[in-house]
Amino acid sequence: GDITVDGTLRCRTAQHSIYAAGDVVGRPFLASTGAAQAVAAVGAMFSTVGDYCSLDEGLGATGARYDPASLASNPFQFPVGLWSTPEVAYFGLSKKQADSIGYEADEGLALYKQCLRGVVFAPEGLLKLVFEKGSGRILGVHIVGADACELIHYGMELV
C-alpha cells in the first residue's frame, strides 16, 4: 500500500496519466475493493464518471475531504473486511456516525444462532443493520462471524 493516489485514483506523481487500484493503494486489501477501485480508475481515465463512487442524497460523495488513505473519510466507498477469528466486515455508517450527521438512527441485531443454518454450521456470529427510524432506510451493515467478509457484499445491496 505504498502508492499515493487522489480522489480519482490518479497517482500523485509528475505523470498524471498513471492510476492505481487494489492492494498497492492500501487497506482494506479485499479483492472486491480492488475490483471496484479498478472500475472507478478506468472510469476516471476515460472521463466516464466524475466523483467515482456516490450514493443518493450525497451520502457517498467523496468531495474535497476524500482521502484515499482513510476509509473513514467515506464509509460508502468500499466494504471493509478483516479475516480474523471471528471475521468482521462492515459497509456504511455505524449508529454513532449516523446520529452525528443528523439521522435519527437505530439498529437491529440478528444472531447467527437464531437461524437453522447458523445453529448447524456457525452459531457464533451476528448481523447488525443501522437504519433511519422514519423511513427504514438502511444506512449501514455490520457482520461478525463466519463468512462475514463474503456476506458483506449482500449487505451492500441494502444500503
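Please treat every number below as a calculation from the coordinates, not as lab data. Keep in mind it's a predicted model, so treat the numbers as computed, not measured. Positions of Cβ are generated from backbone atoms using ideal geometry, with glycine treated the same way; all protein chains shown enter the neighbour counts.
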Task: Separation in nanometres of the label points that stand 7 Å from Cα toward Cβ, at residue 150 and residue 132 - done: 3.3 nm
Open item on the list: Report the gain in length on full extension from residue 39 to residue 4: 0.36 nm times residue separation, minus Cα-Cα distance, nm rounded to one decimal.
Closed with: 10.8 nm
Open item on the list: Full-extension gain between residue 119 and residue 104, please, as 0.36 nm times their residue separation minus the C-alpha to C-alpha distance.
Closed with: 2.1 nm
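For every other residue with a beta carbon closer than 14 angstrom to the beta carbon of residue 45, add +1 if it is Lys or Arg and -1 if Asp or Glu, then tell me the sum.
Net charge around residue 45: 0.
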